[in-house]
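Trainee: Quick one: the structure is below, and I'll ask about it shortly.
The values are calculated or read from the model by the stated rules, or taken from the named source; none is laboratory data. Remember, predicted model here, so these are calculated numbers, not experimental data. Positions of Cβ are backbone-derived with ideal geometry, glycine not excepted, and every protein chain shown enters the neighbour counts. Protein only, heavy atoms only, side chains kept; ligands, DNA and RNA dropped before computing areas. Shrake-Rupley method; radii C 1.70, N 1.55, O 1.52, S 1.80 Å.
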Amino acid sequence: MIDFALHNAWLIPLLPAIAFLLIFLVFRPLPKVSAFIGITAIFLSFVLAVHVGIGVIQAGDQFVEHPLKQVVTWFEMSGLKIEMGVQIDPTSAMMLFMVSLVALMVNIYSLGYMHGDQAFSRFYAFLALFAMSMLGLVIAPNLLQMFVFWELVGLCSYLLIGFWWHKYSAREAAKKAFITTRTGDFGLLLGILLLQINFGTLDLMTLGEMIPNFQEYTNLSVGGLTAIAAILFLGPIGKSGQFPLHVWLPDAMEGPTPVSALIHAATMVVAGVYLVGRSLILFQTVPGAMAFVAFMGGFTALFAATIAITQTEMKKILAYSTVSQLGYMMLALGAGSLTGGMFHLFTHAFFKSLMFLGAGSVLHAMNNDADIWKYGGLKKKMPITYWTFLIGCLAIAGIFPFAGFFSKDEILLVVKEASHGAQFAGLYTLLFWMATITAALTAFYMFRMFFICFHGEPRDKSFHPHEAPFSMAFPLVVLSIFSIFGGFIGAPWVEHGFGYYVRLGEYHHPSVDWAIIIVSTILALGSIFLAYWIYGKKAVSHEALAQKFAPLYKISFNKYYIDEIYLWLIHNVLDGLGRALWWFDITVVDGIINGIGNAAKILGSILRRVQTGKLQHYALVLFAGVVILVLIMSFADTSSASLSLLGGVR
Amino acid sequence: MDLSLLTIEIATVLLAIGVLVIGLLIPREQRFGLGYLVTIGLAIILFVSFGYYGINATAFEGMYYVDDFSIFFKQLILVAAVLVTLAATLYVKKMGTNYGEFFVMTVFAALGMMVLSSAGEFITLYLGLETMTISFYILTGFKKNDSKSAEAGIKYLILGAMSSGILLYGLSLVYGMTGTTVISEVAVKLAEMGSLSPAMVVGMVFLVAGFGFKISAVPFQMWSPDVYEGAPTPVTAFLAVGSKAAAFAALIRVFMIAFPDYSLQWKMLFAALAALTIIIGNLVAIPQTNIKRMLAYSSIAQAGYIMTGVIAANAAGVRGVAFYGMLYVFATIGAFTVVMNFSANTGSDEIRDYAGLARRSPLLAAVLTVCLLSMAGIPPLAGFAGKFYLFSSIVDQGYLWLVIIGLLMSMASVYYYLSVAKVMYMADPVDDSPIVVPAGAKAVLLITMIVTVFLGVYPQPLSVLANLAANSLFF
C-alpha cells in the first residue's frame, strides 16, 4: 500500500477532480449524494497522503536530496520541454498530508454548516475542485505546473468567496481577491518566464542545481538574478496576503466560514510561502532578495498584528492574524530556514483552521451576527467550541506545550541566528525584535477576542446560542488534537524530527535557546494576563483606553487607511488613465481595426466575383496560373540574391 | 519481397470487394447497414496498422514505401474514413439509392490515398492518385437527381482531368530529363547533371500545379467551393481531409526526396503560393452565406497554413504538417458532421438558418463552435498547437513575413468562424423543433470534440507519432 501510494501519488489530486466532475455534471440535483462523493474522494486522497507520508518517513532522508519524481512530457519543441508530473519529497508529502487532512475536516464540517443551503451541491463541487488544484500545486515538479494550479486555486478562491453571489459584499470581495492576487501573479509569471529564458528549464530540481552556479549557465549578474527573485516574489506577496497586497484577505471572509478555514487560513494562502520555500535556493543565492523576503515578512507580521488588536469581528481578527502569521513564515524563509517556515506553516494550518471553524460554530449559533461586542458568556452554552477554541488560542500564542510554541520559537531562533550572519546583520536584529513584539501582540489580540466572546455575561439577550451539531464538533476536536500535539514532531528532544526531513542543506539538530523560550513565554503569558485584566476582569475600561490612545486606536481600527488610499488612487489615477486609454481605444484602435475589417470584407466580396461558376473560367485560371508560374520561374534570376527577397536562407 | 508489408492495403481491397458482393446479396432497403460493416472493418485495419510503426521498409524494389511517414498518413486516412462512414449513415439513408456502392467507393478512395502516401515511384503515385480521384468523381455526383451534385461532379471531372494532365506532363518531363521514375533516384541523377535545365523547371512547376490542384492552393483552387457545395456532405468532408492529406504526403515525398538540391527554387514557389492561398482563402470566406462554401474557403486557407510546413523542408516542418493534418481531420469532420445532420433535418446549408441552434441542439452547436475555433487556432484547442508547430518551423528559416501573414489572416478568420457561433448562440431560432442526431453521428461529434480539446491541452501523444513520421522521411 505504501509503495503503491508513493508511486501513484498522482491519484491524490485526481480523486477530487473526478468528484468535481461527478458532482458538477451528474449529481448536482442530489445534495446528499454530492456531499458523500466529495467527502469520499477527499478521504481516499487523505488515506493515500498518509501512506505517502509514512513511505517518506520510512525512507529516512533519502528523499530530501533525491525526490521521487515521475513526469510525462506535456509539450515539446526545440528548446522548450514542458512536463507535468509528481514530485514526492518530505516537503510535498507534509503538504499533501496537511492539505488533505484540513480539506477532509472542512468537508465534514460543511455538512452541518452548509446544511439547507440552496447550492449545497455546488459548494461541494467547488470544494473538490479546490482540493484537486491545491494538491496538484503541492506535488508540482516544476514552476509552470505550479503556476497552472496556482491560478486554479485562485479561481476556486474567487468562486467560493463569491459563493453567496446574491450578496453585494460577497461579489465585491470575490472580485477584489481575484484582481489583487492576479496583480501579484503578473509578477510571478514574469519571473517564471525570465527563469525559463535564462536557464532554459523550469524544473525545480534542475534549477536547484543550476542557480547556485548561475554565472556558469547564464549571463546574469547578481543584480539581475536578484531582480528576477524580487519579481517572482510578487506572486507570493499577492497570494499570501503580504503587505501591500494583503487587502483582499480580510474581505475574503465574506465567503462561507469553512472556505475561510480551508482556503484563506490553511492552504491556498500558504501557497505563496510554499512557492518561496520550493524556490528558496534562488533567494539564497542572492542575499539581497533574501533580506527583501525577510523584511516583507517581518513587516507584514507586525503590521497586521497591530490592526488585529482593534477589530470587532471574529473572522476579521482571524484574517489579520493569518496575514500576520504568513508574514512570520516568510520571515523564517527570509532568514534562510526552510524548516522554520514550513514547520510554522504546518502547525499554523491546524490551529488556524481550528479557530476559523470555531468562529464558524459561534457565528452559526449567533445567527451570523459578526459583532463580537454582542457576544459574551458563550462558555456555558458551547463547551466544545469553547475548549477547542481555547486550545487554538494557546497554540497561536505559543504557550508550551501547544503546537505554536515549537514553531514560533524555531522562527525566532533562526532569525536570531541570521542576525549574527555576515550580511544584513542589523536588519535581521531589527526583524528579531519586530517578531518578538508580534508574538506578544498575537497573544494579546487572540485572548482579547477569547475573553470578549466566551466569558462574562451575554451582552445581547436576543440570541439563543446552542452547541454545534456533531458534524461540526468532530472536526474541531480532531484539529484541536493536532493543535496540541502537532508541535512535538519538531521538538528539540526528537532525534530525527521535522527539521531532519524538511530542510535545505545540511541537517542541524535543533538547538535550545533558553533566552528565547523564557522571553517569549513571559511575553505571551503577560499579554494573556493583560487581555484578561482588560476584557475578562474588566479592571480597566477598554473604552477609556481607546479614548486615551484615540489616534493610534483610530489608525489601527481603520487598518492604516490602506483601502481608502487604494480607492483614492483607483478613482483619481487609474480611472483617469482608463478614460484616456478608453478614448484612444475607441477612436484610434477601433478606427484602425474597423477600417481593416471593412477593407477585408470589401476585398473579400470583390475577390468573390472571380468565382463565376463557369467551368471555362476556372480552366482559364488554372492554365493561366501554370503559365505565369512557369514564366516567373524561368525569368527569375535563380541566384540566391533575388530569392532571398522571399526569405530563403542559404 | 514480403507481401505482409502490404497487409493494410490488401485488407482494404478485400473489405471493399467484400462489401460490394455482400451488398448485392442483401435486400435493397437494408443495405445502409453496410456502413457499419465498413466502419468496423476500417477501424480494425486502423488498429492493426499501429503494429507497422518502426518497420521502415520498401516493397517492390523501392517503388513502395512502408515507413512511419506513410503509416502515419494511412492512419490519418483511416481515421477520416472511419469517422465519415460512421457519421454518414443517416445522410446516406436519406439520399435514397445505392447505399452499398457509396461505402465501397469511399473505401476505394481511401485505398487510393494510401497508395499515394506510400508511393516511391511516379507511376505508382499516379495510380494511387487516379484511384482516389476517380472514386471521388463518382462520389461527388452521387446524388443523381440533385442538379447541384451533378454539376459538381462534372466540374470536378473536367478540371480534375486537366490537372491530372498537367501533373502527368510534369512527371514525364522529369522522367525525360533524368531517365528514372523512382523518386529517390531522381535526386541522384539531378546531382549528376549539376544544373537545373529549363525543362526541369517547367516540370517542377507542373508538379506544383498538379499537387496544388489536389490541395486546392491558389490559383488552382477554383473547383473546390463549387464541388464542396454540391457534393453530398460526407463526400465533402472526406474530400476536404483525405484527398488533401494524401496529396500533401505525396508532395512532401516528391519534393523533399527528389529535389532536395533545388529546394531554394521550389520553396520560393510554395512560399508565394502559400501566402496567396492564406490571404485569398480567408478573405473570400468572409462574405460567404452558405456554410459548405464557407468551409470550402476555410479549407483552402488551411491548406495554405499546412504549406508552411512544406516550405520548412525539414523534420520540424513535416512534423507540423503531420500533426496539423491529423487534428484537421477531427475539426473538419466534426464541422461537416454538424452540417450533415443539420441539413438532414432541415434541408438547409445556409448560415442564417443556423440561428438559435444552441437551443435546438446544444451538442451540434458546441461541436461546431469547438471545431471552428480550433481551425482558427484559438488555445487551448488543438488548432493552436498545430499552428504553433507549423509556424515555428519556418520562423528561423527567414520566412517571418509568411508567419506574419498567417497570423494576421488567422485573426481575420476568427471573424467568419465566430459569426457562425454568434448566429447559433445569440440569434433566436425561427423554428424551435429540436434536431435529431442519430447515435453514430453523435459518437462522431463527441469524438471529434473531445479529441480536439484533448490534443490542444495535451499534444504530446500525437506529437510523438508525428515526430516518428517526420524522422522516417529524413532518416
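Trainee: Need one value for A:613-623: mean number of C-beta atoms belonging to other chains within 10 Å of its residues' C-beta atoms.
Mentor: Mean shielding count: 5.
Trainee: Moving on. Might you report the magnitude of the Cβ-based charge dipole of the protein assembly as shown about its Cα centre, with Lys and Arg at +1 and Asp and Glu at -1, to the nearest 20 debye?
Mentor: Its charge dipole is roughly 2480 debye.
Trainee: So how do A:44-52, A:372-380 stack up, highest first, on mean other-Cβ count within 10 Å?
Mentor: So the peptides A:44-52, A:372-380, ranked by packing, come out A:44-52, A:372-380.
Trainee: List every residue whose amide H lies under 5 Å from the amide H of residue A:142, counting only residues 5 or more places away in sequence or on a different chain, with H placed 1.01 Å from N in the peptide plane.
Mentor: Excluding prolines and chain starts, which carry no amide H, the hits are A:204.
Trainee: For helix A:11-21, report the angle its Cα long axis makes with the longest principal axis of the Cα atoms of chain A; keep it between 0 and 90° and round to the nearest 10°.
Mentor: The answer is roughly 80 degrees.
Trainee: Over all pairs of distinct alpha carbons, what does the Kirkwood formula give as the hydrodynamic radius of the protein assembly as shown, in Å?
Mentor: Final number for the Kirkwood radius of the protein assembly as shown is 33.2 Å.
Trainee: Which FRET efficiency, nearest 0.05, do residue B:93 and residue A:496 yield, Cβ-Cβ r, R0 60 Å?
Mentor: 0.25
Trainee: Sorting check: for A:79-87, B:319-327, B:63-71, which peptide has the highest mean count of neighbouring beta carbons within 10 Å, and how do the rest follow?
Mentor: Final packing ranking: B:319-327, B:63-71, A:79-87.
Trainee: What total accessible surface area, summed over both chains, is buried at the interface between chains A and B, computed with a 1.4 Å probe and given in Å² to the nearest 100?
Mentor: Rounded to the nearest hundred, the buried surface is 4000 Å².
Trainee: Could you check the spin-label model distance between residue A:186 and residue A:166? Points 7 Å from the Cα along Cα→Cβ, value in nm.
Mentor: Taking the simple label geometry, residue A:186 and residue A:166 are separated by 3.6 nm.
Trainee: So, with a 1.4 angstrom probe, what is the percent of accessible area on chain B that is carbon and sulfur?
Mentor: 70 percent
Trainee: Residue by residue through segment A:161-173, which ³J(HN,Hα) values in whole Hz follow from phi under the Karplus form 6.51 cos²θ - 1.76 cosθ + 1.60 (θ = phi - 60°), with glycine and proline marked x?
Mentor: For segment A:161-173, the Karplus-derived couplings read 5, x, 4, 8, 5, 6, 7, 4, 4, 5, 4, 4, 5 Hz, x marking Gly and Pro.
Trainee: Something else now. Once amide H atoms are placed 1.01 Å from N in the peptide plane, what residues at a sequence separation of 5 or more from residue B:121, or on another chain, have their amide H within under 5 Å of its amide H?
Mentor: B:183
Trainee: Continuing with this model, one more query. Just tell me how shielded A:602-611 is by partners: mean number of partner chain Cβ atoms within 10 Å of each residue's Cβ, no decimals.
Mentor: 6
Trainee: Per DSSP helix of 4 or more residues, -39500 (n - 2.57); summed, then divided by the residues of chain A. What does that give at 222 nm, rounded to the nearest 500?
Mentor: Counting only the DSSP helices, I get -22000 deg cm²/dmol.
Trainee: Which distance in Å, rounded to a whole number, links the C-alpha centroids of segment B:413-475 and segment B:338-353?
Mentor: Using only Cα atoms to place each centre, the spacing works out to 18 Å.
Trainee: Then there is this: Given a 1.4 Å probe and every protein chain left where it sits, what share in percent of the accessible area of segment A:50-207 is carbon and sulfur?
Mentor: Its accessible area is 65 percent carbon and sulfur atoms.
Trainee: Subtract the Cα-Cα distance of residue B:36 and residue B:7 from 0.36 nm times their separation in residues, and report this length gain in nm to one decimal.
Mentor: 8.3 nm
Trainee: Over segment B:333-475, calculate the relative contact order: mean separation of alpha carbon pairs under 8 Å at least 6 apart, over the residue count, as a percent.
Mentor: Across segment B:333-475, relative contact order equals 40 percent.
Trainee: Here's another thing I want to ask about it. When you count, for each residue, the other Cβ atoms within 10 Å and take the mean per peptide, how do A:290-299, A:425-434 rank with the highest first?
Mentor: Taking the mean over residues of other Cβ atoms within 10 Å, the ranking is A:290-299, A:425-434.
Trainee: Using 0.36 nm per residue of separation minus the Cα-Cα distance, give me the extension gain between residue A:530 and residue A:624 in nm, one decimal.
Mentor: Extending this stretch completely gives an extra 24.1 nm.
Trainee: Nearest 0.05, what FRET efficiency do residue A:511 and residue A:433 give at R0 = 22 Å with Cβ-Cβ as r?
Mentor: 0.60
Trainee: Related question: Mind scanning A:176/A:554; B:292/B:387; A:316/A:461; A:175/B:422 and naming the pairs with a C-alpha gap bigger than 26 Å?
Mentor: From A:176/A:554; B:292/B:387; A:316/A:461; A:175/B:422, over 26 Å: A:175/B:422.
Trainee: Now for a separate question. With a 1.4 Å probe and all protein chains left in place, how much accessible area per residue does segment B:165-213 have, in Å²?
Mentor: 36 Å²
Trainee: In degrees between 0 and 90, to the nearest 10, how far off the longest principal axis of chain B does helix B:99-118 point, with axes built from Cα atoms?
Mentor: The helix B:99-118 is inclined about 30 degrees to chain B.
Trainee: Please list 3J(HN,Hα) in residue order for segment A:547-555, calculated via the Karplus relation 6.51 cos²θ - 1.76 cosθ + 1.60 where θ = phi - 60°; whole Hz, with x for glycine and proline.
Mentor: 5, 5, 9, 3, x, 4, 4, 5, 4
Trainee: So, in Å, what gap is there between the alpha-carbon centers of segment B:185-201 and segment B:1-44?
Mentor: That distance is 43 Å.
Trainee: Here is a further query. Just to check I understand the Karplus step: with θ = phi - 60° and J = 6.51 cos²θ - 1.76 cosθ + 1.60, what whole-Hz values come out for segment A:198-214, glycine and proline as x?
Mentor: 7, 9, x, 7, 10, 5, 4, 5, 5, 4, x, 7, 7, 4, x, 10, 4
Trainee: Assuming R0 = 30 Å, what is the FRET efficiency of residue B:47 and residue B:348, from their Cβ-Cβ distance, to the nearest 0.05?
Mentor: About 0.20, to the nearest 0.05.
Trainee: So for chain B, averaging the separation of alpha carbon pairs under 8 Å that are six or more residues apart and normalising by length, what relative contact order in percent results?
Mentor: The normalised contact order for chain B reaches 16 percent.
Trainee: Ok, one more. At residue B:189 and residue A:80, where each label point lies 7 Å from the Cα along Cα→Cβ, what is the point-to-point distance in nanometres?
Mentor: Label at residue B:189, label at residue A:80, 4.4 nm between them.
Trainee: Separate question: Give me, ordered by chain and number, the residues 5 or more places off residue B:66 or on other chains with an amide H under 5 Å from its own placed amide H.
Mentor: Result for residue B:66 returns B:57, B:58, B:59.
Trainee: With a cut-off of 8 Å between alpha carbons and a minimum separation of six or more residues, what is the relative contact order of segment A:466-578 in percent?
Mentor: 9 percent
Trainee: Rounded to the nearest 20 debye, what is the charge dipole size of chain A about its Cα centre when +1 sits on each Lys and Arg Cβ and -1 on each Asp and Glu Cβ?
Mentor: It works out to roughly 1720 debye.
Trainee: How tilted is helix A:615-635 with respect to the longest principal axis of chain A? Cα atoms for both, answer in degrees (0 to 90, nearest 10).
Mentor: Rounded to the nearest ten degrees, it is 90.
Trainee: Now for a separate question. Hey, got the average number of other protein chain Cβ atoms within 10 angstrom for residues in B:462-470?
Mentor: 1
Trainee: Quick one: Cα centre-to-centre distance for segment A:234-250 and segment A:147-170, in angstrom?
Mentor: 15 Å
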